[in-house]
Amino acid sequence: MKTLLLLIAGFFLVLFILSRLGEGGKKAALYLVLIAVAFIMLFPFYEMFVMSTLKTNEIYSFPPRLWFGSNLMKNFENMNKSVNLLRAFQNSCTVTISYVVLALLFCSMGGYAFSIYDFPGKKALFRILLATMMVPATAGMIPWYIMMSKIGWISDRTPAGFLALIIPGCANAFGVFWMRQYCQNNVPKSLMEAARIDGCSEWTIFFRIIAPILLPAYASLGIMNFVNQWNEFTQALLVLKRQKFYTLPLLLKTMVGDRGTDYGALMLASTCAVLPLLIFFLCASKYFMSGLTAGAIKE
Amino acid sequence: MDKTAGSVRTPKKKSLGRILYENRVAYAYIAPFYILFLVFNLFPMVFGFALSFFRWDGLSDMHFIGVQNYGNLLNDPLFWKALQNTLFIGIIAHIPILLGGLVLAYILNTRLVRGENIFKTIYFMPMVTSAVAVTVIFSSMFGYNYGVINYFLSLFGEPPINWLGGDGSLIKVAVIVMFSWKWIGWNMVIYLAGMQGISNDIYEAASIDGATHVDVVFKILIPLLKPIILFTLIQSTIGMFNLFTEPFVLTGNSWTGGTNNGALTLMIYLLNKAPQGGNLYGYASAVAYVITLMIILISTCLNKVTEEKDPGAGKGGRIR
């Protein structure tokens, strides 16, 4: 342990000395910290890519291999022999996309109504909404499971488990709350009056005029819901009972528990599960960051 | 409907149907959400509370047993073990998350360094990565014989450490590393947004008054960022109590938290009572409500702590 502590102390000493060397040294010290952390953040991803190209005996070797091997195709074959990744990918897409579309539709409709219309019971309904936002979802977890099994949404013959993942989550109190805030700040009432005078029906107003205004909100909330649902594990573990209907995270899990885990194939499967969203994120990181930190905004 | 409009009813006492009809557009908008919300969110929450006072296996009749579930819970050493593990992991992990997040955000906010977006993007990557995949990668990195971390230690002449095996106590270290690795970037991005929302005049005034960096951080930034720090703390507290995937996959899908329950968290404990492993639905509901109460309690305490001092400070630290 001593040498390790010395190393860490040395790192801070270097930072300290650099910061005393004027503007340039300071800059170098700051970059050093940023790059060190970036390295820690990136290294596990790098490891995953490297290991997905290695043979099993190369993975089980000391010192560990830190550069790419040539076993990618073989790992791919082995992976396809043990699991059906494509089907899991399709399942993940089905669940996630239907969830996001429905959640966005329902939440924006609800949020819009709460911000624009006055109707009896509005205050009470909104208070209930706010109150439940304070209660963590854990509270309803067990009854949720019981309900799902009683309506027959937990089944090993049909993909009804998808419904258990999609439908209950659509009614996302935070989503409505957030959409209401956005509508209040961005939808001018005069716009709708003008549209009404022009003879637009209420539905036309919503889908033709309001929805385009809400696009940024849709993007943020959509990304937040997408990432959460794509990576959802706990609920999926409880309701999806057959490998045929597994989503990607569940499929990865089944590859771990098996006797004599084939690490090369497992890492390749992980790569396939992680990469689509990661690429998507790298292309639109700005939207992802604002979406996933959405609740932090206080007006 | 049209007939009732012309009836002798006083306008104040409209029938329910009439009210619904007049506001049909608004109700139509909120109906899909509210029906689902009431059925799948509100009802389970209330039902869960009621259920925690019953003994029920999910099939036969329910037996009302009062607070017996809660009593049994408090007498179960395994529950205390799970609580202890969860709090230990959560509290230790918050040190790098909070400090690291603040330091990194502060560095990126100094304008001395370039590439803010590149660093932000890199730090944020774990947040979009599946927890199962992350755990798979880290479990190989923490491996006893062939793991990268033990290899790194061996470069300094350290003997290999059995992180995931042994007596099960070190597995928490791996969970803490993964938990911090995941959340640090998220916190950093939020803090940075908060810092950028603070006017530059404040920094300039401070530097004219001869304030050091430490002064700026502790006397200006942290007080101004309080509401934001509070928000991140509450979120990661919820994340802490829901900690399930990482320890579960890391222990090879163990429902008891691996050797000596070393990685048993409250969420694993809860789901192991029902529906996985057991079918003690009443008991599991009691566990869920205890977790809920703890989250609410901690959030309220955090709120109180941050409200206490200088009430005027909270207004500056908001994003945008």
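The values are calculated or read from the model by the stated rules, or taken from the named source; none is laboratory data. Everything numeric in this text was worked out from a predicted model, so none of it was measured. We place every Cβ from the backbone using ideal geometry, glycine too, and count neighbours over all the protein chains shown. Surface areas here come from the heavy atoms of the whole protein model, side chains and all, with no ligands, DNA or RNA. Shrake-Rupley method; radii C 1.70, N 1.55, O 1.52, S 1.80 Å.
One residue is enough: does the range A:216-224 have a residue meeting the conditions at pLDDT 90 or above and at the interface with chain B (Cβ under 10 Å from one of its Cβ atoms)?
Looking for residues that are at pLDDT 90 or above and at the interface with chain B (Cβ under 10 Å from one of its Cβ atoms), one finds at least one in the range A:216-224, hence yes.
Residue B:265 - would you say it is surrounded by 23 or more Cβ atoms within 10 Å (Cβ to Cβ), more than 20 Å from residue B:288 (Cα to Cα) and either away from chain A (no Cβ under 11 Å) or in contact (Cβ under 8 Å) with a residue 24 or more places away in the chain (or both)?
Answer is no for this residue.
Take the residues in the range B:154-174 that are under 23 Å from residue A:49 (Cβ atoms) and without any contact (Cβ under 8 Å) to a residue 40 or more places away in the chain; name whichever of them is farthest from the chain's Cα centre (by Cα). Steps first, please.
To start, the set of residues in the range B:154-174 that are under 23 Å from residue A:49 (Cβ atoms) comprises B:155, B:163-164, B:174.
Remaining after also requiring without any contact (Cβ under 8 Å) to a residue 40 or more places away in the chain: B:155, B:163.
On the way: B:155: 37, B:163: 25 Å.
Taking the candidates together, the pick is B:155.
Those residues that are under 29 Å from residue A:247 (Cβ atoms) and either in a loop (DSSP other than H, G, I, E, B) or at pLDDT 85 or above (or both), I need them from the range A:56-68; list them, please.
Across the range A:56-68, the qualifying residue is only A:68.
Matching residues to (1) over 28 Å from residue B:44 (Cβ atoms); (2) in a loop (DSSP other than H, G, I, E, B):
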position: A:148; (1), (2): no, no
position: A:157; (1), (2): no, yes
position: A:175; (1), (2): no, no
position: A:203; (1), (2): yes, no
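Please verify whether residue A:65 is more than 9 Å from every other protein chain (Cβ to nearest Cβ), more than 28 Å from the chain's Cα centre (by Cα) and under 18 Å from residue B:136 (Cα atoms), treating the condition exactly as stated. Before the answer, list the steps.
Values: more than 9 Å from every other protein chain (Cβ to nearest Cβ): yes; more than 28 Å from the chain's Cα centre (by Cα): yes; under 18 Å from residue B:136 (Cα atoms): yes.
Yes; evaluated as a whole, the condition is true for this residue.
From the set of residues in the range B:190-224 that are assigned to a helix (DSSP H, G or I) and within 11 Å of another protein chain (Cβ to nearest Cβ), which is most open to solvent (accessible area, probe 1.4 Å)?
Result: B:213.
Scan the range A:254-276 for residues that are surrounded by fewer than 22 Cβ atoms within 10 Å (Cβ to Cβ) and at the interface with another protein chain (Cβ under 7 Å from one of its Cβ atoms) and jot them down.
Within the range A:254-276, A:256, A:257 meet the criteria.
If I go through the range B:60-113 residue by residue, how many of them are within 14 Å of chain A (Cβ to nearest Cβ) and out of contact with any helix residue (DSSP H, G or I) (no Cβ under 9 Å at 6 or more places or on another chain)?
Summing the residues that are within 14 Å of chain A (Cβ to nearest Cβ) and out of contact with any helix residue (DSSP H, G or I) (no Cβ under 9 Å at 6 or more places or on another chain) in the range B:60-113 gives 3.
Checking residue B:84 against (1) open to solvent by less than 40 Å² (accessible area, probe 1.4 Å); (2) within 18 Å of the chain's Cα centre (by Cα); (3) of a type in the set (S, T, N, Q); (4) over 21 Å from residue B:186 (Cβ atoms): exactly one of these is not met. Which one?
(1)
Can you name the number of the only condition in (1) more than 11 Å from every other protein chain (Cβ to nearest Cβ); (2) under 25 Å from the mean Cα position of the chain (by Cα); (3) hydrophobic (A, V, I, L, M, F, W, C) that residue B:186 fails?
(1)
Filter the range B:23-54 down to residues that are in contact with a Leu (Cβ under 8 Å, 6 or more places away or on another chain) and closer than 20 Å to residue A:139 by Cα, then give me how many there are.
2
Which of the residues that make up the range B:105-152 are farther than 30 Å from residue B:213 by Cα, polar (S, T, N, Q) and part of a helix (DSSP H, G or I)?
Within the range B:105-152, B:135, B:139, B:140, B:150 meet the criteria.
Would you point out the residue of the range B:19-33, among those that are touching a helix residue (DSSP H, G or I) at 6+ places or on another chain (Cβ under 7 Å) and within 7 Å of chain A (Cβ to nearest Cβ), that is nearest to residue A:132 (Cα to Cα)?
Checking each candidate, the answer is B:33.
Could you grab me the full set of residues in the range A:192-225 that are open to solvent by 40 Å² or more (accessible area, probe 1.4 Å) and of a type in the set (A, V, I, L, M)?
Residues satisfying the conditions are A:194, A:197, A:209, A:213, A:215.
Looking at (1) closer than 19 Å to residue B:248 by Cα; (2) at the interface with another protein chain (Cβ under 7 Å from one of its Cβ atoms), can you tell me which one residue A:246 breaks?
(2)
Among the candidates A:31, A:46, A:60, single out the residue that is at the interface with chain B (Cβ under 9 Å from one of its Cβ atoms) and either of a type in the set (D, E, K, R) or under 30 Å from residue B:188 (Cβ atoms) (or both).
Working: A:46 fails: at the interface with chain B (Cβ under 9 Å from one of its Cβ atoms); A:60 fails: either of a type in the set (D, E, K, R) or under 30 Å from residue B:188 (Cβ atoms) (or both).
Answer to the check: A:31.
Within the set of pairs 6+ apart or on separate chains, which have a first residue in the range A:40-57 that is among the basic types (Lys, Arg), a second that is part of a loop (DSSP other than H, G, I, E, B), and C-beta atoms under 7 Å apart?
Filtered contacts from the range A:40-57: A:55/A:69; A:55/A:71.
Checking the condition buried (at least 19 other Cβ atoms within 10 Å of the Cβ) and either over 29 Å from the mean Cα position of the chain (by Cα) or modelled with pLDDT under 90 (or both), which residue from A:83, A:14 passes?
A:83
Of the residues that sit in the range A:97-126 and are out of contact with any Gly (no Cβ under 9 Å at 6 or more places or on another chain) and more than 12 Å from chain B (Cβ to nearest Cβ), which one is most open to solvent (accessible area, probe 1.4 Å)?
Among residues in the range A:97-126 that are out of contact with any Gly (no Cβ under 9 Å at 6 or more places or on another chain) and more than 12 Å from chain B (Cβ to nearest Cβ), the one most open to solvent (accessible area, probe 1.4 Å) is A:123.
Taking the stated definitions as given, is residue B:231 in contact with a Lys or Arg (Cβ under 9 Å, 6 or more places away or on another chain) and within 14 Å of another protein chain (Cβ to nearest Cβ)?
Spelling it out, residue B:231 is indeed in contact with a Lys or Arg (Cβ under 9 Å, 6 or more places away or on another chain) and within 14 Å of another protein chain (Cβ to nearest Cβ).
Condition first: more than 9 Å from every other protein chain (Cβ to nearest Cβ) and either within 28 Å of residue B:28 (Cα to Cα) or of a type in the set (A, V, I, L, M) (or both). Can you find one or more residues in the range A:137-147 that meet it?
no
Would you call residue B:305 touching a residue at least 24 places away in the same chain (Cβ under 8 Å), in the same structural domain as residue B:170 (by TED's automatic domain parsing) and either open to solvent by less than 40 Å² (accessible area, probe 1.4 Å) or in a helix (DSSP H, G or I) (or both)?
Here the answer is no, as residue B:305 does not meet what is asked.
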